[in-house]
1. Do any residues in the range 116-127 that are closer than 9 Å to Glu16 by Cβ have Cβ atoms under 6 Å from those of residues that are open to solvent by 30 Å² or more (accessible area, probe 1.4 Å) and assigned to a strand (DSSP E or B), where the two are at least six apart or on different chains, and which pairs are they?
2. Can you go through Phe62, Phe125 and tell me which one is aromatic (Phe, Trp, Tyr) and modelled with pLDDT of 95 or more?
3. Could you tell me which numbered condition Pro109 fails, if it satisfies all but one of (1) touching a Leu at 6+ places or on another chain (Cβ under 7 Å); (2) touching a residue at least 40 places away in the same chain (Cβ under 8 Å)?
4. Can you tell me which residue is nearest to Ile15 (Cα to Cα) among those in the range 64-79 that are exposed (fewer than 15 other Cβ atoms within 10 Å of the Cβ) and touching a Ser or Thr at 6+ places or on another chain (Cβ under 9 Å)?
5. For the range 25-57, which residues satisfy the criterion of being open to solvent by 90 Å² or more (accessible area, probe 1.4 Å) and not in a helix (DSSP H, G or I)?
Amino acid sequence: MIKKRNKYRNRDPEIEVYALSRHIYMSAHKARRVVDQIRGRSYEETLMILELMPYRACYPIFKLVYSAVANASHNLGFNEADLIISEIEVNEGTTVKKLKPRARGRSYPIKRPTCHITIVLKNIFLEEEYKYIDKYNII
């Protein structure tokens, strides 16, 4: 059996934090349409974009971004103004399959797609500070 490795475990925990939302009742294609608009933006700018976009996918992504920033500020003490969305990806989840009863004893299949959203936030203030320390060998 091949075991999958979590690629987010090897991150630098001092400047990056990630959050994961699984089994959201939405197709991955519709969620990617929103995610592509906020990749690489700051936290405040992301919240404004998500509040003003008219798509249904915005609300679960808004909750995930808000949760990731709350984790970063509470657990690691990061300032919200210094956080940017360095990576965000949407993967397909399982498909919930149901049968809808129809006339004359027949049934039609209904497929409800789900998706998994992963977000990685990076503290740009600390990243610049670490680059400065590495450049001048200050320790």
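The values are calculated or read from the model by the stated rules, or taken from the named source; none is laboratory data. What you see is a predicted model, and the numbers here were worked out from it, not measured in a lab. Neighbour counts run over all protein chains shown; Cβ positions are idealised from the backbone, glycine included. Just the protein is used for accessible areas: all its heavy atoms, side chains included, with ligands, DNA and RNA removed. Shrake-Rupley method; radii C 1.70, N 1.55, O 1.52, S 1.80 Å.
1. Filtered contacts from the range 116-127: Val120/Tyr18; Val120/Ser86; Val120/Glu87; Lys122/Ile84; Lys122/Ser86.
2. Result of the check over Phe62, Phe125: Phe62.
3. Pro109 satisfies all of (1) touching a Leu at 6+ places or on another chain (Cβ under 7 Å); (2) touching a residue at least 40 places away in the same chain (Cβ under 8 Å) except (2).
4. Taking the candidates together, the pick is Asn79.
5. Tyr25, Arg39, Pro54, Arg56
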